[in-house]
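This report refers to the structure that appears directly beneath it.
The values are calculated or read from the model by the stated rules, or taken from the named source; none is laboratory data. Please read all numbers here as calculations on a predicted model, not as lab measurements. Here Cβ is always computed from backbone atoms with ideal geometry, including for glycine, and neighbour counts include all displayed protein chains.
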């Protein structure tokens, strides 16, 4: 029976650490803007390198 | 690309290249502005901007001459900044132009242009750009002018200076509370499992009840505490809103559970308690849906500029508008807004009051005449003497609180009405049950009494409005109709009278209709007229320009324009004159007094009559409203379009013309004092008072005007023609609420049966409460969804 008691305590500790992580996430402003990050991830820095290739492709199509 | 019959699209902004066609590196541009932005981006290695979306740029305003000298004034800059620490400064710009992922990409890499910018972040929903910069390396003026250059002119107006409109921290409280309630709900539920499965003894041995008790403390004293506060306030005011039975239920749940745990008689209802608070908070969170880029509380300050040119000992300097006093001499340039009432001293004033008074035609003013704040000067610079400070001006006084009367029967939500009887009924039933059991079996009396209070907890009832109306809000916002809150929905359901403005609301200032009378133009003549029209910025002339068939622009020489009167020039060797009859010195035909006449080489060829037309497809709107509501038209314009309006609005409608902003306000006051519930639809500053006073004020907004006076709802101008459907839908949603109330009552009665017979066990409570809430939420959301699909078809 004792083992269950320990398990309960462990599970509570884990649950509380998740709650703490959630509170930290709110405090750091992650929930203030829930839309822009989904767009930001689609436009990345390295596009500058790949664009030359793409541009020649589109030009080919045009001509 | 010689004769541009083929329409090419601008590589930068996607507009048609009609007037100019500039070829650069195989790409077409519609104007030099767009080409400049392209070159700027290219030189900085930023041209992948164009790969994210097609033609992402913002069309350049060709006639805009911006003056940013006021940003040299340190005091103004400090008032604009969010904070400044050492040489680090932060500014948040409103950029209504943000519309695609290319915008995001470009604006977040703005430091490629200006190394002084250390950080830039876009918030797409609120259309804001927050910038942190180093004051040693750059300054606000540079940043603003950079934004102008790349096509994102920030909204900088007087409203930005006052601290209360500055960024408020987003409300995170509800999220914290949701987190805490969700956490405890889950864990208590888990720890209650032994009991659900019939192992009460084991649960007791492990002291699970005590753990539950500790977990439940933050639910009652933190997450759900607001309900106690609100209930107490409501009891003291004797209004008995829904928070009273909620608080009563929560208190009973908590106290009875504590008693059971500490006396060792049971495990209590902590699981139901935590679940209850969690669901209520979800409802609250769902209801508080906000449109981040819209502002329902704007005052006149968001319309006026920050600075104006002031004469200080003979020199013209930029000066903060809020510090201008009576007697000061100011200068207003082309396209600038008059900051306060003044007397014209010098210059040719042509003032566009369409947004301020509703007059559709610009008004000519001569020296010595009064010009009112809010008008826009078209043409050359004028000088004027200030009559009073900005907050004392004729229009801005509309915002004075003393002008308003209280709206009668302010906000009695259905739910408050229901809850008054509900509270009374529950307390009565609980007492009757207590008396009954005290006589029959006193041992069970306490059990039954508390069980009634627990089970009657109006969780489902409390979730009906947040979810049903919250969903209505979302469904309508996706269709371009933005309502401030769920309370506004209930007020819309009560309206019985509709008051509507003409200019900019029924009529569309941008889509002018043009009728031509006279000789038919040859292709060459039409090309010449088009070339002449291209030179002017006058809105009517611009409309004629786009009315004429597409053709190449010819060279124009000796161009002369008298603002608001007419223009003449030599085109293709011919002498062209266009303008008012007075300008051409002729007697106009009847009905064509306000037409623009055309004269080529001393021959009157014809005339263009430019009129603002009612919006396309608006007829069904009034067709539906005619029989249901009392319709009144309040227009600041003269009655030249009376017959057209009469036809549109029906015989019964009341039509009032030449209304001042104060006349409009007084009319609404009269309606309210006669116990009507008026709905006011308007757009400009002149409607601001009436919008604020009416039961529901709806502002029509479009690209052309970003300013919306304080209101209860905002509608996109192209969606106005569907407003009757939206209002019909809102009225129908009331029946959805009644249905959900009925469901909630049925569940409550079932619970009461268990409670009154003293058979309510924690597991029944734990099943019944979420089940009833879930039913109500599902019914509320799905029925409104189906109704929306049926009723909001746009055809």
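Identification of helices (runs of 4 or more DSSP H) wholly contained in the range B:38-149 with 2 or more residues that are farther than 29 Å from residue B:321 by Cα and without any contact (Cβ under 8 Å) to a residue 24 or more places away in the chain yields B:101-108.
Screening residue B:172 with (1) farther than 30 Å from residue B:82 by Cα; (2) touching a helix residue (DSSP H, G or I) at 6+ places or on another chain (Cβ under 8 Å); (3) surrounded by 14 or more Cβ atoms within 10 Å (Cβ to Cβ) gives one miss only, at (1).
When residue B:144 is tested against (1) touching a helix residue (DSSP H, G or I) at 6+ places or on another chain (Cβ under 9 Å); (2) surrounded by fewer than 16 Cβ atoms within 10 Å (Cβ to Cβ), just one condition goes unmet, and that condition is (2). Within the set B:524, B:434, the sole residue that is surrounded by fewer than 23 Cβ atoms within 10 Å (Cβ to Cβ) and over 30 Å from residue B:766 (Cβ atoms) turns out to be B:524.
For residues that are in contact with a strand residue (DSSP E or B) (Cβ under 6 Å, 6 or more places away or on another chain) and more than 11 Å from chain A (Cβ to nearest Cβ), scanning just the range B:108-128, find the one that is surrounded by the fewest Cβ atoms within 10 Å (Cβ to Cβ).
Ranking the candidates gives B:119 first.
Filter the range B:54-72 for residues that are more than 14 Å from every other protein chain (Cβ to nearest Cβ), surrounded by fewer than 17 Cβ atoms within 10 Å (Cβ to Cβ) and at pLDDT below 80 and give the result. Break it down stepwise before answering.
Here is the first cut: in the range B:54-72, the residues more than 14 Å from every other protein chain (Cβ to nearest Cβ) are B:57-72.
Of the ones still in play, those that are also surrounded by fewer than 17 Cβ atoms within 10 Å (Cβ to Cβ) are B:61-69, B:72.
Passing the criteria: B:61, B:62, B:63, B:64, B:65, B:66, B:67, B:68, B:69.
The number of residues in the range B:180-211 being facing chain A (nearest Cβ under 9 Å), within 45 Å of the chain's Cα centre (by Cα) and surrounded by fewer than 21 Cβ atoms within 10 Å (Cβ to Cβ) comes to 3.
Filtering B:524, B:554 for residues that are touching a strand residue (DSSP E or B) at 6+ places or on another chain (Cβ under 7 Å) and farther than 21 Å from residue B:362 by Cα leaves a single hit, B:554. Here residue B:399 clears all of (1) surrounded by 15 or more Cβ atoms within 10 Å (Cβ to Cβ); (2) in contact with a strand residue (DSSP E or B) (Cβ under 9 Å, 6 or more places away or on another chain); (3) at pLDDT below 85 except the condition numbered (2). Here residue B:260 fulfils each of the conditions (1) within 11 Å of another protein chain (Cβ to nearest Cβ); (2) over 23 Å from residue A:19 (Cβ atoms) apart from (1). The residue that is surrounded by the fewest Cβ atoms within 10 Å (Cβ to Cβ), counting only those in the range B:73-107 that are within 14 Å of another protein chain (Cβ to nearest Cβ) and either touching a helix residue (DSSP H, G or I) at 6+ places or on another chain (Cβ under 8 Å) or closer than 13 Å to residue B:141 by Cβ (or both), is B:100. Within the range A:15-36, residues that are more than 7 Å from chain B (Cβ to nearest Cβ) have Cβ atoms under 8 Å from residues that are in a loop (DSSP other than H, G, I, E, B) in these pairs: A:25/A:31; A:27/B:172, counting only partners at least 6 apart in sequence or on another chain.
Among the residues of the range B:625-637, is there at least one that is in a helix (DSSP H, G or I), under 22 Å from residue B:722 (Cβ atoms) and either in contact with a strand residue (DSSP E or B) (Cβ under 8 Å, 6 or more places away or on another chain) or touching a residue at least 60 places away in the same chain (Cβ under 8 Å) (or both)? Outline the logic, then answer.
So in the range B:625-637, the residues in a helix (DSSP H, G or I) come out as B:625-626.
From what is left, the residues that are under 22 Å from residue B:722 (Cβ atoms) are B:625-626.
Narrowing the set further to residues that are either in contact with a strand residue (DSSP E or B) (Cβ under 8 Å, 6 or more places away or on another chain) or touching a residue at least 60 places away in the same chain (Cβ under 8 Å) (or both) leaves B:625.
Yes, the range B:625-637 contains a residue that is in a helix (DSSP H, G or I), under 22 Å from residue B:722 (Cβ atoms) and either in contact with a strand residue (DSSP E or B) (Cβ under 8 Å, 6 or more places away or on another chain) or touching a residue at least 60 places away in the same chain (Cβ under 8 Å) (or both).
Would you be able to say whether some residue in the range B:685-695 is within 22 Å of residue B:623 (Cα to Cα) and either in a helix (DSSP H, G or I) or in contact with a strand residue (DSSP E or B) (Cβ under 9 Å, 6 or more places away or on another chain) (or both)?
Going through the range B:685-695, the residues within 22 Å of residue B:623 (Cα to Cα) turn out to be none.
No, the range B:685-695 contains no residue that is within 22 Å of residue B:623 (Cα to Cα) and either in a helix (DSSP H, G or I) or in contact with a strand residue (DSSP E or B) (Cβ under 9 Å, 6 or more places away or on another chain) (or both).
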